[in-house]
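The values are calculated or read from the model by the stated rules, or taken from the named source; none is laboratory data. From a predicted model like this one, the values you see are computed outputs, not experimental measurements. Cβ coordinates were reconstructed from backbone atoms using ideal geometry, including for glycine residues, and neighbour counts include every protein chain displayed.
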Amino acid sequence: MPNSMNTGHIAVADDGHPSLYSPLSAIIRRKPVTVPPAATVLETLQAMDQGRIGSMIVADPESGVALGIFTLRDLVRRVALKDCDLQQPIAQVMTSRLVTLKPHDSAHHAALTMARHGMHHVLVVDEQGRLAGVVSQSDLFTLQRGGLQDISSTIRTATNIPALRAATEETRRMATQMLIQGSGSESLMHFISTLNDLVAMRVLDLTRADFDLPEVKWCWIALGSEGRMEQTLSTDQDNGLIFEVPSDGDAEAIRLAFLPFAQEVNRRLDACGFPLCKGNIMAGNPEWCLSEQEWRHKFSDWMNESRPQALLNASIFFDFRPLYGEERLVQGLRLWLLDAAQSNPVFLRQMAAVALQCAPPLGLIRDFTFDNSKDYPHTIELKMYGSRPFVDAARILSLAHGVHGTSTVQRLRGVAEASHFPDLDAALEGFHFIQLLRLRHQNELPGDDAGANRVNPNDLNELDRHILKESFKLAKRLQQKLQLEYRL
């Protein structure tokens, strides 16, 4: 009775090695085994035993749409403990409330979904609801190093802020250990971002229970490095909130109802070890607690203005992704933004011109150039002049080519698929090396916010100095691509 459905071509990550940046289509290892809803419980158990699998997907044999899932937990609760008739249809004992993701969703998204719901696998379905595959917890944990499973469980069951603060500190200790053991920046940033996301989601869970929120759809938005899933050991808050306004509703009244909740979330995140944003880019600020229409107006104003502050806002707020709540609101905003940006090449050209002002610190005679920092002489600011040129170029090019991803890696890979980009792998390696230097330096100078991203190249060994110089050259090459595209 089981049926192996054809899922078509399974994508592979550009570097041949799937990571937490990869879409779920690159993680799926085999065609899903399914049974129709009319299959008996006994037939389903026999198919599970034959396939040596711990769950079975119930799908419509004609359309391929996933209808439910039968797990070992269902076997115990609904069959064994209730002395169930093994000849009854599996549809009567399956779990029909499915949590599903799309093939283009990232492995990072799946890890968060499973950790949040306490699940061991998630179904991947296409836009028509047809089953594309199943991704298990073990599939994802092979992409993540360290004890993510244990600490994510601790976060998910935490009942107070001190417990979450301890989990945040443990996350940073584990990240430091991974750094010492030689982990790359990509896996480290995703490890940190994943667990930081889980802490934020649990804070939102706990805080939501303390407030009587408006009965409207809403979503907490991650911005900046958090939105790009590129958090390092030194990070603060950047977040916002989007809500839906009913046809007879008042946006201002809804905002006033959300603000005390959002401000308390910001305070609790601060207590968990995520400092308040010095620029007040937080959901507790009325300026960033907005309706769908108000967010669109914000973005439209920025794209139609040439003021420096508008372009600066664009560089922060365009890196948004949903974190908690009704994700559809954020996805709709993303689709609208991509269309609006592609229709406004003047704005993209202005952003490119601003991005080119932050040139990699390469000298004509000496290896490196330095800014005029009195507190940190003869140092290079790796965030401003190292990673930022990659981040800015990736953002602008992804907007121009309609790439949906928010991380720098996702964006550059998406741009490479849409246009000629022969230096993709080299650019990614340069970006990751600079990020790794930042992580190493932050680990050596804990608590030094001002100097956390500054490095004296004379303190580097000869090999690292050489790789840093080559990484800056790759950043420069990426900026030259912007110059060519926008004739700057």
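Table: residues versus (1) surrounded by fewer than 16 Cβ atoms within 10 Å (Cβ to Cβ); (2) among the polar types (S, T, N, Q); (3) assigned by TED's automatic domain parsing to the domain that holds T154.
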| position | (1), (2), (3) |
| --- | --- |
| E186 | no, no, yes |
| D197 | no, no, yes |
| E215 | yes, no, yes |
| W218 | no, no, yes |
| S225 | no, yes, yes |
| M229 | no, no, yes |
| F243 | no, no, yes |
| E252 | yes, no, yes |
| F258 | no, no, yes |
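Give the residue, chosen from R77, R116, that is assigned by TED's automatic domain parsing to the domain that holds A26 and over 19 Å from T44 (Cα atoms). Spell out how you get there, then give the answer.
Values: R77 fails: over 19 Å from T44 (Cα atoms).
On inspection, the qualifying residue turns out to be R116.
Can A475 be described as within 22 Å of F368 (Cα to Cα) and surrounded by 21 or more Cβ atoms within 10 Å (Cβ to Cβ)?
Working: within 22 Å of F368 (Cα to Cα): yes; surrounded by 21 or more Cβ atoms within 10 Å (Cβ to Cβ): yes.
Yes; evaluated as a whole, the condition is true for this residue.
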**Request:** Please work out which one of (1) part of a helix (DSSP H, G or I); (2) out of contact with any Cys (no Cβ under 6 Å at 6 or more places or on another chain) is the condition F421 fails and give its number.
**Result:** (1)
**Prompt:** A107: surrounded by 15 or more Cβ atoms within 10 Å (Cβ to Cβ) and within 26 Å of Y324 (Cβ to Cβ), yes or no?
**Reply:** yes
**Asked** Does any residue of region 304-314 turn out to be within 24 Å of H109 (Cβ to Cβ) and either assigned by TED's automatic domain parsing to the domain that holds A166 or buried (at least 22 other Cβ atoms within 10 Å of the Cβ) (or both)?
**Response** no
**Prompt:** Among the residues of region 392-418, how many are surrounded by fewer than 21 Cβ atoms within 10 Å (Cβ to Cβ), part of a loop (DSSP other than H, G, I, E, B) and in contact with a Ser or Thr (Cβ under 9 Å, 6 or more places away or on another chain)?
**Reply:** 1
**Asked** Going by the conditions given, is A427 surrounded by 21 or more Cβ atoms within 10 Å (Cβ to Cβ), closer than 21 Å to D319 by Cβ, of a type outside the set (S, T, N, Q) and at pLDDT 95 or above?
**Response** no
**Item:** Unmet requirement for P377, which otherwise passes all of (1) touching a helix residue (DSSP H, G or I) at 6+ places or on another chain (Cβ under 9 Å); (2) assigned to a loop (DSSP other than H, G, I, E, B)
**Value:** (1)
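What do you reckon, is I281 assigned by TED's automatic domain parsing to the domain that holds F320, crowded, with 23+ Cβ neighbours inside 10 Å and within 24 Å of T408 (Cα to Cα)? Show your work before the answer.
Values: assigned by TED's automatic domain parsing to the domain that holds F320: yes; crowded, with 23+ Cβ neighbours inside 10 Å: no; within 24 Å of T408 (Cα to Cα): yes.
Criteria not met by I281.
Check region 128-143 and report whether any residue there is closer than 24 Å to P275 by Cα and at pLDDT below 90.
Keep residues of region 128-143 that are closer than 24 Å to P275 by Cα, which gives none.
Scanning region 128-143 turns up no residue that is closer than 24 Å to P275 by Cα and at pLDDT below 90.
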**Request:** Give just the number: which of (1) farther than 19 Å from M229 by Cα; (2) touching a residue at least 12 places away in the same chain (Cβ under 8 Å); (3) surrounded by 14 or more Cβ atoms within 10 Å (Cβ to Cβ) does F317 not satisfy?
**Result:** (1)
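The rows are residues; the columns are (1) closer than 16 Å to L478 by Cβ; (2) crowded, with 20+ Cβ neighbours inside 10 Å.
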site	(1), (2)
L338	no, no
A341	no, yes
A355	yes, yes
G386	yes, yes
F390	yes, yes
**Asked** When you look at A452, is it over 30 Å from D375 (Cβ atoms) and either among the hydroxyl-bearing types (S, T, Y) or not assigned by TED's automatic domain parsing to the domain that holds L179 (or both), yes or no?
**Response** no
**Prompt:** Only one residue in E327, E305, E287 is at pLDDT below 95 and within 25 Å of R388 (Cβ to Cβ). Which one?
**Reply:** E305
